[in-house]
């Protein structure tokens with residue numbers, strides 16, 4: 001078998017160098033390419049270069065097993081701990097342990113040069129480098145074992161006013177903050193039992209009662225530490241619950257907003273297409289039947305105007321979905337209902353209207369709801385009951401505003417149940433503003449009746465809107481005064 005060479009990271013046999021007799025045998029191997037790197041790279045290369053594999057079948061799995069079991073030294077930040085606590089909380093607990101450990105070591109300066117205090121200090125912080133360097137997440141049992149061992153090394157050299165038992169208090173709080181109660185309670189009792197055991201041993205063996213007199217205080221400190229950890233854990237659980245509630249509220253708000261935008265788009269499209277088709281139909285009849293070009297042009301002009309208005313309304317409504325600043329425009333209100341009715345009348349719908357009271361007392365929100373309800377009702381009449389007689393009535397009273405839209409049904413047409421998308425939108429508008437709506441057949445016809453309260457804008461005895469006694473703060477009155485309203489024709493009775 002020819003001898004292989006490694007040059008510049010490539011394996012080249014003698015045959016590639018032009019030497020005679022090289023690479024002529026059946027077992028010759030010419031491997032050209034980069035030498036593999038990483039775990040088990042040498043074994044992988046030998047298996048490629050040597051026939052039969054040799055010992056590579058044994059060494060390669062062993063090398064891979066060792067590589068998998070060897071911890072990789074990488075820095076792991078504290079924010080990646082699975083306990084979901086801020087890094088400042090973890091650093092505060094570690095700093096408290098560091099202060100207590102250093103003070104406990106300094107208290108035992110008389111015992112130097114013994115290394116027990118230093119060994120105890122190392123045991124206290126064995127979990128910190130284990131996680132930061134090797135990613136080993138500290139476990140409650142491991143924390144308790146290392147801390148109790150460190151405390152035992154401290155207590156083996158008793159001193160007056162010892163700070164070492166407070167280490168158990170801090171670690172008990174840490175364990176209670178990351179472990180369930182079935183784990184933290186036994187570990188806390190075990191820590192208290194360690195203090196009692198050392199107090200008894202020091203009293204019996206060395207007649208030293210320094211720790212025995214402080215056991216009640218230290219035990220109370222362990223209890224307080226456990227309570228602090230439990231409160232932190234409850235706070236974390238409440239944080240999780242609040243996050244879930246916020247997500248649910250955000251999803252509900254998004255669904256509500258989508259439904260509102262869907263209602264607006266439906267109302268705009270249904271009204272515009274219905275009236276536009278009526279005008280187009282009138283233009284077709286004028287051209288085919290009466291040969292009246294002027295009437296057809298007027299009908300097409302009205303259809304064009306309504307189409308442009310519908311496009312503007314759709315752009316404004318869809319603009320609510322954009323995250324950027326959209327062009328804000330005034331929404332239609334109660335003052336725009338006469339113009340809406342005029343559009344349908346010009347398209348061929350016969351409407352008798354009657355209005356009582358002052359529509360200016362209707363708030364912007366209620367006015368928009370009334371406008372959309374009238375828009376949907378008239379569009380449904382033009383679509384499902386062409387040629388019907390329509391009666392429109394609006395009564396603005398002292399406490400409420402009532403709108404009625406009633407139409408006759410064509411001969412032979414059976415009343416249909418009002419469960420469509422438009423009717424559902426009208427119901428949602430009424431319920432969202434505390435109003436009531438009735439949609440259904442009545443006395444051989446079809447009626448839509450909506451009632452909304454006007455408690456937010458009561459009328460004065462002199463006629464205009466009374467704002468001084470409205471119960472609103474001056475800022476609310478200022479906002480109501482400056483709210484943009486679209487100018488429109490005033491209602492005329494009859």
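The label point for residue 395 and the one for residue 244, both projected 7 Å from the Cα toward the Cβ, are 5.0 nm apart. Taking label points 7 Å from Cα along the Cα-to-Cβ direction, residue 365 and residue 193 give a separation of 6.3 nm. Given a Förster distance of 56 Å, report the FRET efficiency between residue 91 and residue 255 from their Cβ-Cβ distance, rounded to the nearest 0.05. After rounding, the FRET efficiency stands at 0.85.
Using the average count of surrounding beta-carbon atoms within 10 Å as a protection proxy, the listed peptides 224-237, 114-127 rank, highest first, as 114-127, 224-237.
Full extension of the chain between residue 291 and residue 447 gives 52.4 nm of extra length, using 0.36 nm per residue less the Cα-Cα distance.
Peptide packing: for 285-294, 141-150, the average count of neighbouring Cβ atoms within 10 Å per residue gives the ranking 141-150, 285-294, highest mean first. One decimal place: the segment residue 308-residue 183 gains 37.9 nm when fully extended, by the rule 0.36 nm per residue minus the C-alpha distance. Using every pair of separate Cα atoms, the Kirkwood estimate puts the hydrodynamic radius of segment 78-248 at 16.9 angstrom.
Between residue 84 and residue 237, the modelled labels are 1.2 nm apart [label points 7 Å from Cα along Cα→Cβ].
Read-outs throughout are calculated quantities, based only on the coordinates presented, and are distinct from any laboratory measurement. On a predicted model such as this, the values are computed, not experimentally measured, just so you know. Counting neighbours? That spans all protein chains shown, and the Cβs are built from the backbone with ideal geometry, glycine included.
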